[in-house]
Amino acid sequence: MIPIPTGVRVWLATGHTDMRCGFPSLALRVQEVLKRDAMGGGLFCFRGKRSDLVKMIWHDGQGACLFTKRLERGKFIWPSVAGESVTISPA
């Protein structure tokens, strides 16, 4: 487990995202759609269309990290406003 430092802003990309994307494509989405800096230290979360998969990207100052989580049962609850971002606390 890679610990995320306290004070890191967490952003949810609303709507669904193509889960075939890797770090470069997701970072481009952060920059162009969400109008944020993907290399600025924030944690950006993306959800797949079926709602059972999330990908998170984070730049820790030394390199890019891409985390993936798939649920065997259930779905991730996500804001429904498409094309925007929502910030949440790390808790």
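The values are calculated or read from the model by the stated rules, or taken from the named source; none is laboratory data. The model shown is predicted, which means the values in this text are computed figures rather than measured ones. Because the Cβ atoms are built from the backbone with ideal geometry, glycine has one as well, and the counts that use them run over all protein chains shown. Quick note on the areas: whole protein, heavy atoms, side chains included, nothing else; ligands and nucleic acids left out. Shrake-Rupley method; radii C 1.70, N 1.55, O 1.52, S 1.80 Å.
Data for the structure
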{"item": "Qualifying trypsin sites (Lys or Arg not before Pro) in segment 20-91, DSSP loop, other Cβ atoms within 10 Å at most 12", "result": "Arg20, Lys35, Lys49, Arg50, Arg73, Lys75"}
{"item": "Cα-based reach from Lys75 at 17 Å (exclusive), listing aspartates and glutamates while leaving out same-chain residues under 8 positions away", "result": "Asp18, Asp52"}
{"item": "Efficiency of FRET from Cβ geometry, Phe67 and Arg9, R₀ 22 Å, rounded to 0.05", "result": "0.85"}
{"item": "Which label in (i) 1.21; (ii) 1.01; (iii) 1.43 gives the computed Cα Rg over 2.2 N^0.38 Å", "result": "(ii)"}
{"item": "Solvent-accessible area, 1.4 Å probe, carbon plus sulfur percent, for the chain", "result": "54 percent"}
{"item": "Stretch gain in nm, segment Ser25-Arg50, where the contour uses 0.36 nm per residue and the Cα spacing is subtracted", "result": "7.0 nm"}
{"item": "Sparsely packed GluC sites (Glu not before Pro) within segment 1-86, loop by DSSP, other Cβ within 10 Å at most 14", "result": "Glu72, Glu84"}
{"item": "Max mean-square fluctuation residue, GNM over the chain, Cα-Cα springs under 10 Å, options Trp78, Trp11, Trp58", "result": "Trp78"}
{"item": "Antiparallel content of DSSP bridges confined to segment 10-70, in %, to 5", "result": "80 percent"}
{"item": "Top positive-direction residue, dipole computed over the chain with Cβ charges, set Ser25, Gly41, Thr6", "result": "Ser25"}
{"item": "Degrees separating the helix 23-32 axis from the principal Cα axis of the chain, which is the longest one", "result": "90 degrees"}
